[in-house]
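Throughout, read-outs are computed from the coordinates displayed, never taken from laboratory work. Keep in mind the model is a prediction, meaning the values are calculated, not measured. Virtual Cβ from ideal backbone geometry, glycine too; neighbours counted across all protein chains shown.
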Amino acid sequence: MYPTLYHALFDLTGLDWPVLKFLNSFGFFVALAFMGAYWTLVQELKRKEGIGLIKATTRTVMVGEGAKPAELAMQGLMGFIVGWKGLYILLNTAEVTADPPGFLLSGTGSFIGGIAVAALFVWLLWREKEKQRLKEPKKETVTIHPAQHGGNITITAALWGFIGAKVFHWIESPRDFLDLINTGNIRDLISGLTMYGGLIVAGIMVIRYFKKNGMAILPSMDAAAPGLMLAYGIGRLGCQVVTMATGDREHRAQAGLDPTVALELRLSEQRERRPWCAPWRLCRRAHDQRHHLSGLRHTSGAGRLPNPAV
């Protein structure tokens, strides 16, 4: 139904915020899935620590050190990417919203914005480290509770899940891998994923994380299970949204319509089958669209909408 959050907000409220075209609906649900998985994982790890199934561990760390060059470099890189793309988006919103994925994966950006934000990020990190700096850094033994691993476990699952899903897809469809090598089209990296490949590889790497950090493997796997189920369910909602959007593309191909017109056409047809739709403004808009589109069908003479480009 809604390929991006822009289409959802525009249809449900009438607000026209083109910048939301950057937020893919499926990606939005994936983000919600990982947030849900993280939350349930943390709660389960706390519960299992409370009943003694998973123990806290200790670690020796150095405190009072200043910012390290590697940390500043990584912070600067992140800031440069944010400023490089972010400032260009603010200054050229109409251009970049015409093809958000193409812009994000291109080499187009604002060099000045990248340098400015990179410098800001580096300065903020340096200032924070300087506040905690001691004249003589010292070693301390700190206790790491299982729930404190929740963020790292989630990131591990996300990163290796994507890698596994992509590799298994290439194993199933080697032609896609060869096309990527021949064309160098970076978009191919984010299309074509195999769910069970991500599950297998992410599962192996998360278990490795448990073992490396002294967490009991079976209780930790049990703690991750509810989050896995919840994340899968939320992700499937995103799949349903994408499936409906795919239907829009097929409908558009048959009728020769512009993408936005095709989406509005299908939404108006859905509301025709759902007279209880609310609020009343949406019903009124659907009613107006039906009569307008019906008139176009009659004028085409063949039961199909004319191509607006002609």
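Note on T183 and L124: their simple-model spin labels are 3.7 nm apart, each label 7 Å out from Cα toward Cβ. Sorted ascending by nearby beta carbons within 10 Å, beginning with the fewest, K55, K131, K48, K139 become K131, K139, K55, K48.
The slack in the chain from N213 to S106, taken as 0.36 nm per residue of separation less the alpha-carbon distance, amounts to 34.7 nm. Phi angles across region 223-234 convert, under the Karplus curve 6.51 cos²θ - 1.76 cosθ + 1.60 with θ = phi - 60°, into 3J(HN,Hα) values of 5, 7, 4, x, x, 5, 5, 5, 4, 5, x, 5 Hz, Gly and Pro given as x. In order along region 23-30, the phi-based Karplus estimate (6.51 cos²θ - 1.76 cosθ + 1.60, θ = phi - 60°) of 3J(HN,Hα) comes to 9, 5, 4, 5, x, 4, 5, 4 Hz; Gly and Pro are listed as x. Using every pair of separate Cα atoms, the Kirkwood estimate puts the hydrodynamic radius of region 43-114 at 16.3 angstrom.
Per residue, how big is the convex hull around the C-alpha atoms of region 59-171? Give it to me in cubic angstrom, could you? Walk me through the numbers before you get to the answer.
Values: hull volume 19.0 nm³, N = 113.
That works out to 168 Å³ per residue.
Percent of Cα pairs in region 1-120 per distance bin of 5 Å, from zero to the largest separation: 2, 9, 11, 12, 12, 13, 13, 10, 8, 7, 3, 0. Between C239 and E136, the FRET efficiency from the beta-carbon distance, with R0 = 41 Å, is close to 0.15.
Note down the nm distance, to one decimal, between modelled labels 7 Å out along Cα→Cβ at M35 and at A116. It works out to 2.9 nm between the two label points.
In region 139-210, the convex hull through the Cα atoms has an average projected area of 6.7 nm², a quarter of its surface area.
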